[in-house]
Amino acid sequence: MIEKKKKLCNNCNTEQFIWRNYEGNRYCKSCWYKSKETKKPLKQKRVNPKSKKMQAIDTAYSQLRKKFLQSKPMCEAALPGCSMQSTDVHHMKGRGVNHLVVKTWLSVCRSCHTYIEEHPEEAIELGFSQKRNDV
């Protein structure tokens, strides 16, 4: 078996087992990782912007939502703890295909909306939600 020899680390100037030989410099394990931390900071990835199609859908949704909440200012669920003023739009069939279908919307306050989302079976029984594949 070949025994490794200790050599002089170019960074800390002590005899160590050499971990990496980089660009003609010898580094022990601790010096190598210290030098990597300071030399190359990690680049943060940029969040992808929305596509033009999604921007158009969001703009249309915002306009429809504003008109919908103005036309129905009172909470339609009126569950216990309700504030009675609608602030949210609940999508009874989800937001996928039915995102812009106003017939599937329900004007609700924040507390009722939270309750509906946290209790899906009960919301279906009370008529506040529908299964996505129902017509």
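Laboratory data are not the source of any read-out in this text; all were calculated from the coordinates shown. All of these numbers come straight from a predicted model, not from anything done at the bench.
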Amide proton proximity set for ASN11, modelled H, under 5 Å, gap of 5+: CYS28
Quick one: what are the phi-derived ³J(HN,Hα) couplings along the stretch 106-115, Karplus 6.51/-1.76/1.60 with θ = phi - 60°, whole Hz, x for glycine and proline? 9, 7, 9, 7, 5, 5, 5, 5, 4, 4
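Beyond 25 Å between alpha-carbons counts as too far, so tell me which of LYS4/LYS34; LYS45/LYS93; LYS4/LYS29; LYS7/LYS43; LYS53/LYS131; LYS66/LYS103 fall in that bin.
Flagged as over cut-off: LYS45/LYS93; LYS7/LYS43; LYS53/LYS131.
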Please compute, over every Cα-Cα pair in the stretch 61-126, the percentage with a separation greater than 14 angstrom. 54 percent
For the chain, take the longest principal axis of its alpha carbons; what is the angle in degrees between that and the long axis of helix 52-71, to the nearest 10 within 0 to 90? 40 degrees
What label, among [x] 10, 26, 18, 19, 17, 8, 1; [y] 10, 31, 24, 13, 10, 8, 3, 0; [z] 10, 24, 16, 8, 6, 11, 16, 8, 0, belongs to P(r) over Cα pairs in 10 Å bins from 0, in percent computed from the structure on display? [z]
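So what is the 222 nm mean residue ellipticity for the chain from helices alone, if each DSSP H run of at least 4 adds -39500 (n - 2.57) and you divide by all residues, rounding to the nearest 500 deg cm²/dmol? Don't jump to the answer; show the numbers that get you there.
Numbers: 4 runs with 47 residues, N = 135.
Per the formula, -10500 deg cm²/dmol.
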Per residue of the stretch 117-131, in order, report the coupling 6.51 cos²θ - 1.76 cosθ + 1.60 (Karplus, θ = phi - 60°) as ³J(HN,Hα) in whole Hz, putting x for Gly and Pro. 5, 7, 10, x, 5, 5, 5, 5, 4, 7, x, 8, 9, 9, 5
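Quick one: compute the contact order of the chain, relative version, from alpha carbon pairs under 8 angstrom and 6+ residues apart, as a percent.
Reported relative contact order: 14 percent.
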